[in-house]
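Take a look at the structure below.
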Amino acid sequence: MQPVAARTALIDLEYLDEPGHIATCLLETGDGLALVDPGPSTTLPRLDEALRGYGATIEDVRVLLITHIHLDHAGATGLLLRRQPRLRVYVHERGAPHLADPGKLLRSAAMIYGDQMERLWGEVVPVPKDRIQPLSGGETLRFGDRQVEVAYTPGHAWHHVSYLDGDHGIAFTGDVVGEQLPGSTHPVPVTPPPDIDVEEMLASGERILAWRPTRLFVTHFGPVEDPPAYIAEHAGRLSDWSERVRASLDLPGTDEHRADAFAEEVYPGMRALLPPAAQPFLRREVLAGNWVGLARYWRKKQEAAGPS
């Protein structure tokens, strides 16, 4: 575990046995522990190990704070409830039904990951409805002696919220202001289909800045020490990538070719910003997936506008 602030610890979940991909954050509340985004089921052995290093077990965890229900953030939730039935799960109201009945979520994920679902994410089981606390944004939550504010922050997903631990100035932002690769301070937008909305994502970044956080915690990966600079850089890169994708829609070829061309176009500039230790984490196939989400966003806008 890497300490982030007093009574707060970042846990590297070592996804697929590799460091630096998915993290959860452990909060000591004075009335049990809270976890922000517990990760997928495939990382539960590592979570157990990390809790033991903190002198705790899953039985000491009382609260799960979910930024959004994608499997890399919340896939383990149902299994954790089986082991600790007293857990309270906080999630946006649009995501809550899919924790209680994950069938649609799993079918959607299977369209992308196919026969790799089990290897990547492990078992996903329903969360009992009576343990789910739906959020709409604007709430102030109290856990022991810690106060946590909630903001609705769509753009990456329509069921995305962010949390602020006001006592420590840490904002937990999920994926809505991108990721930073291990060893780097430069944000990489996260724009897979199907819910990407560029305007909403930019507005969510401003909403997070309005909290005036002293530090961000991004699930992929770790603490951000200069939130205003990071979010401003994310907004600029997101806008640039979005315009590149919009311009590419009229180019000849298939979407697969356009996505690959986009990845080849932005990869060198992004890689040049990264220190050597971070460069292996930047993958062309992920950048191509970002094209797919942004292309869907622009095509939906074009359909809504109707014939020109």
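Histogrammed with a bin width of 10 Å, the alpha carbon distances of the chain distribute as 6, 28, 37, 22, 6, 1, 0 percent, first bin at zero. Once C-alpha pairs closer than 8 Å and six or more residues apart are averaged by separation and normalised to the residue number of region 186-300, the relative contact order reads 43 percent.
If you look at the Cα atoms of region 54-142, you get an Rg and a Dmax of 13.5, 41 Å. Kirkwood's formula applied to the C-alpha pairs of region 16-81 gives a hydrodynamic radius of 12.0 angstrom. Computed on region 1-148, with alpha-carbon pairs under 8 angstrom and 6+ residues apart, the relative contact order is 22 percent. Each residue of region 216-223 was assigned a 3J(HN,Hα) from its phi angle through the Karplus curve 6.51 cos²θ - 1.76 cosθ + 1.60 (θ = phi - 60°); the sequence is 10, 10, 9, 4, 10, 7, x, x Hz, with glycine and proline shown as x.
Using all pairs of distinct alpha-carbon atoms, the Kirkwood hydrodynamic radius of region 109-165 works out to 14.3 angstrom.
Of the trypsin sites (Lys or Arg not before Pro) in region 39-81, not one is in a loop by DSSP (not H, G, I, E or B) with at most 15 other beta carbons within 10 Å. Loop-resident trypsin sites (Lys or Arg not before Pro) (DSSP state other than H, G, I, E or B) in region 77-115 with no more than 14 further Cβ atoms inside 10 Å of their Cβ: 86. Relative contact order for the chain: 14 percent, from Cα pairs under 8 Å spaced at least 6 residues apart, divided by residue count. Subtracting the Cα-Cα distance of residue 139 and residue 57 from 0.36 nm times their residue separation leaves 26.7 nm of extension gain. When only the Cβ of Lys, Arg, Asp and Glu is charged (+1, +1, -1, -1), the dipole of the chain relative to its Cα centre reaches about 500 debye. With Rh defined as the Kirkwood radius, the inverse of the mean 1/r over Cα pairs, the Rg/Rh of region 82-205 is 0.98. Axis angle, to the nearest 10 degrees, between helix 227-248 and the longest C-alpha principal axis of the chain: 40 degrees.
Every read-out reported here was derived from the displayed coordinates using simple, explicitly stated rules and does not represent laboratory data. These figures come from a predicted structure and were not determined experimentally. Here Cβ is always computed from backbone atoms with ideal geometry, including for glycine, and neighbour counts include all displayed protein chains.
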